[in-house]
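The values are calculated or read from the model by the stated rules, or taken from the named source; none is laboratory data. All values reported here derive from a predicted model rather than from experimental measurement. Every residue, glycine among them, receives a Cβ derived from its backbone with ideal geometry; neighbour counts consider all protein chains shown.
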Amino acid sequence: MLCQFTAEDIEMLQAFIEESTESLQKIEDEILCLENVADSAKSLGDIFRQVHTIKGLSSFFSLSDITRLSHQVEYMLDAMRKGGIESNTQVVGLLLNAKDALSEMISQLSVACESVQQGEGLDVEVSCTHDVDALIHDIRCFLEENKEANIPTSVEQTLPLQHYHEVEHKIQQPLIASSKSEESDQESMTLLLDGVAAGMLEDFLLEADEHSAIITNNLLMILDSNPEDIGTLGDLFRRVHTLKGNTGLLLSVPIDDNLRMILKDLLELFQNMESLLSQVRDTKIPICSAIINLCFEAIDALVNITIMLRKGVIITDDSKLKRLVADMLAVREGGAQLACQIITTSEPIITIPAVVKPTYGRRSTDVAGGSTAHSIRVSGDKLDRLMNVIGELSITKNVFSQIARKLTMEHNLPHLSREVKDAGQFVNRISAELEDAIMAMRMTEVRMAFQKYPRIIRDVALQTGKSITLIMEGEDTELDKNIIEKIGDPLLHLVRNSGDHGIETVEERQAAGKDPQGSVWLRAYNRGKHVIIEVEDDGRGMNPEELKRKAITKGFITEQDASEMSDEQAFQLIFLPGFSTAKNITEISGRGVGMDVVRSNITALQGTIKITSQFGKGSKITMQLPLTLMVSRGLVVEVKNQLLVISLENVVEIVKVPADKLVKRRGQRMLYHRGEVLGVVSLAEILKMATQEILDYTPIVIVTDGQSKVAIIVDKLLNEQDILVKPLPEYLSAIRGMGGATIMGDGKVALVLNPVELVQLATR
């Protein structure tokens, strides 16, 4: 599928890609619900609307394969909503295959757009390894086999596949005269109207934005799932009445002839829509999917017109608007019987490029008109840049205290020093508020990471013939968006492992007296300044003795090591490179295969991972992750004239220990402190900098990775301050124990240590 776009189109395409990607994930979530929820009406309605939107937007950009496939999926969904087709494995499989093909084409479109932005031409080719024609054929065949579904007839179904492209070309003729103007929206509107009329048009557009947002996102969605909601129906009627009045008011002033023609059709549409809703309110016509669909299309038509007017474009072909008016009138006059049978099968009026969808200044989150919210879509790169700037400000504020100290100690100017301190405190307060604000913007619910796993478990169950349910908890727990993105692959591996090799077959579970259906839990919760993510299953569990034997066979440990090893230590053996207990290698996963990579990825995020298991009962893998990797509070120490920073989140205590309190056992220094024995290591020796001498009173930092503690010897304890962690160059990033670098208030560079790796190096 080869498409040509102008440079202006690329930005709109990128917004379409972002919105469609989110829609497709929602579609997958709802498709998976179809198998488990007795009343699937709401899920079907949600899927239909998302697919309908993708179809309309793809048609605008002439993305024919996406349009054709989504159009066919609509037929199937509509047949399901009418009750002619029931949800089963075959139906869900067809829908998921179609969703996968749409996702792949959207992904290919994203890659193509990046190439265009890099100056590689304006021809965008969208390929798909899925056979779109074959998928469409499969859906058609299935619908043909289920004729009782009362599936609508369309021009697409009456033609062989090879003729469809010709028909599609005719369907997708442009609805508007394209505009290449680079002027602002306000300037574009003055091309249409002047003076009072221009002001009235702006008022019309603003109110249309607000009403269309509430109608589409709230009222119609509520009515679709709860047709008996009289209050919502009344609110919908009042808003349509207002839109009708606003359209008539705009027609009362001198305007462009083409615009007048469009507004007259729009006025007629709202008149019929108002009358139709009045009949529904008087219970002469029942609310059904056909009426909801007509209302959605009517509001889509309004939004389309407002967008084009803002761009200074006059719609030259209103045939589809007239068709919608005719459909609305037919339902009004046909009464209840026609209202329940009619299905709008024509191409949708709405062809909205998502990038110019209006931002609603007063978008309601409460239909009753209580609370309001305002949101915009912001690039992640922009947030990262803003975070870096705020981080630099956090570092700069440290300069004030240093200057104040110099003014007092070196220049004997205490009054001036006090003024500098006061200014520093003011900057410090502003900096702290900015940090809190940007961190709140970066924090994202783990739901974004969790949402793909129901599909993963379903696929594992189908491929292995097992019965598995996934239980997700704590989806509203928040993490830095960068951490969420980076835990995707490790989490995917763990969830697959739990389903593929953790859960037994139905026969094995029954023989063991278990529920035939296995369970996998994916949960998240906060613990202090960390987030805990757990993957747990009630499967076969791990046998520590078998793990030890495997490790001995592979040469990882000796017989003596195994005899001294606890069960908990044995479970951690699966994190060794090349260690696996899987008897059979499957296409899905193998417990232990790649687990060393999982641990490496988690450790790189300054997190920890551990395994607990009970043979025959199940296993649990626990990941502990920091809330963010950016600005944090750090303890600055000095070792061999080198400044080093340790995150305060991992510092348990700072002490100065007399030399005689450090005892040696088997060549290892130890410290008895506050009722526990701690291993003691030199930071200089861990980092292979030099041998460190033991002083009469040795400065020690007690550090934890969330599980173990270790006492670390340093040369000097300097201070604590806010730090902005920046990644190390690639040639330094592989050095164990290093988490990044930061710039101090005096301009010096300090290395930031990774406390998790530090503890691992120390305990090794």
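Can you run down the residue pairs with Cβ atoms below 6 Å, 6 or more apart or on separate chains, where the first is in segment 61-82 and in the same structural domain as GLU144 (by TED's automatic domain parsing) and closer than 20 Å to ILE287 by Cα and the partner is at pLDDT below 80 and among the small types (Gly, Ala, Ser)?
Pairs found: ALA79/ALA149; ARG81/SER289.
From the list ILE471, ILE457, ILE484, pick out the single residue that is in a helix (DSSP H, G or I), among the β-branched types (Val, Ile, Thr), under 23 Å from ASP538 (Cα atoms) and modelled with pLDDT of 85 or more.
Going through ILE471, ILE457, ILE484 in turn, the sole match is ILE457.
Where residues in segment 232-275 are assigned to a helix (DSSP H, G or I) and free of Cβ contacts under 8 Å to residues at least 12 places away in the same chain, which of them is nearest to the chain's Cα centre (by Cα)?
Here is the first cut: in segment 232-275, the residues assigned to a helix (DSSP H, G or I) are 232-250, 257-275.
Narrowing further to those that are free of Cβ contacts under 8 Å to residues at least 12 places away in the same chain: 238, 245, 257, 260.
Details: ARG238: 36, GLY245: 40, ASP257: 46, ARG260: 43 Å.
Of everything passing the filter in segment 232-275, ARG238 is nearest to the chain's Cα centre (by Cα).
Please indicate, with yes or no, whether at least one residue in segment 400-420 is assigned to a helix (DSSP H, G or I), hydrophobic (A, V, I, L, M, F, W, C) and within 23 Å of the chain's Cα centre (by Cα).
No, there is no match, as no residue in segment 400-420 is assigned to a helix (DSSP H, G or I), hydrophobic (A, V, I, L, M, F, W, C) and within 23 Å of the chain's Cα centre (by Cα).
Residues of segment 695-735 being touching a helix residue (DSSP H, G or I) at 6+ places or on another chain (Cβ under 6 Å) and of a type in the set (Gly, Ala, Ser), which ones?
The answer is SER708, and nothing else.
Any residue that is modelled with pLDDT of 90 or more and touching a helix residue (DSSP H, G or I) at 6+ places or on another chain (Cβ under 7 Å) - is there at least one of those in segment 622-632?
For segment 622-632, residues modelled with pLDDT of 90 or more and touching a helix residue (DSSP H, G or I) at 6+ places or on another chain (Cβ under 7 Å): present.
Mind checking which residues of segment 57-75 are surrounded by fewer than 23 Cβ atoms within 10 Å (Cβ to Cβ) and either modelled with pLDDT of 85 or more or not in a helix (DSSP H, G or I) (or both)?
Residues satisfying the conditions are PHE61, SER62.
Within the set of pairs 6+ apart or on separate chains, which have a first residue in segment 132-156 that is modelled with pLDDT under 80, a second that is among the polar types (S, T, N, Q), and C-beta atoms under 6 Å apart?
Within 6 Å, the pairs are PRO152/THR345; SER154/THR345.
Step by step: first the residues of segment 99-109, then only those that are crowded, with 17+ Cβ neighbours inside 10 Å and not charged (D, E, K, R), then the one that is farthest from PHE16 (Cα to Cα). Which residue is that?
The residue in question is ALA101.
Restricting attention to segment 197-240, report how many residues are charged (D, E, K, R), touching a strand residue (DSSP E or B) at 6+ places or on another chain (Cβ under 9 Å) and crowded, with 20+ Cβ neighbours inside 10 Å.
Of the residues in that region, 0 qualify.
Looking only at segment 278-296, filter to residues that are touching a Gly at 6+ places or on another chain (Cβ under 9 Å) and without any contact (Cβ under 8 Å) to a residue 60 or more places away in the chain; which one of those is nearest to ASP78 (Cα to Cα)?
Within segment 278-296, the match that is nearest to ASP78 (Cα to Cα) is ILE285.
Are there any pairs, at least 6 apart or on different chains, whose C-beta atoms fall under 6 Å, with the first in segment 562-588 and at pLDDT below 65 and the second buried (at least 17 other Cβ atoms within 10 Å of the Cβ) and polar (S, T, N, Q), and if so, which?
none
Could you count how many residues in segment 704-741 are more than 19 Å from LEU683 (Cα to Cα) and hydroxyl-bearing (Ser, Thr, Tyr)?
Looking only at that region, the number is 1.
Would you confirm whether or not segment 279-287 contains a residue that is modelled with pLDDT under 85 and of a type in the set (Lys, Arg)?
Checked against the condition, which is being modelled with pLDDT under 85 and of a type in the set (Lys, Arg), segment 279-287 yields at least one hit.
Give the residue, chosen from GLY747, GLY706, GLY737, that is within 30 Å of MET387 (Cβ to Cβ) and out of contact with any strand residue (DSSP E or B) (no Cβ under 7 Å at 6 or more places or on another chain). Walk me through how you get there before you give the answer.
Values: GLY706 fails: out of contact with any strand residue (DSSP E or B) (no Cβ under 7 Å at 6 or more places or on another chain); GLY737 fails: out of contact with any strand residue (DSSP E or B) (no Cβ under 7 Å at 6 or more places or on another chain).
Testing whether each residue is within 30 Å of MET387 (Cβ to Cβ) and out of contact with any strand residue (DSSP E or B) (no Cβ under 7 Å at 6 or more places or on another chain) leaves just GLY747.
Quick check: is even one residue across segment 623-645 more than 33 Å from the chain's Cα centre (by Cα) and within 16 Å of VAL756 (Cα to Cα)?
The answer is yes; a qualifying residue exists.
Mind listing whichever residues of segment 13-56 are modelled with pLDDT under 75 and buried (at least 20 other Cβ atoms within 10 Å of the Cβ)?
GLY56
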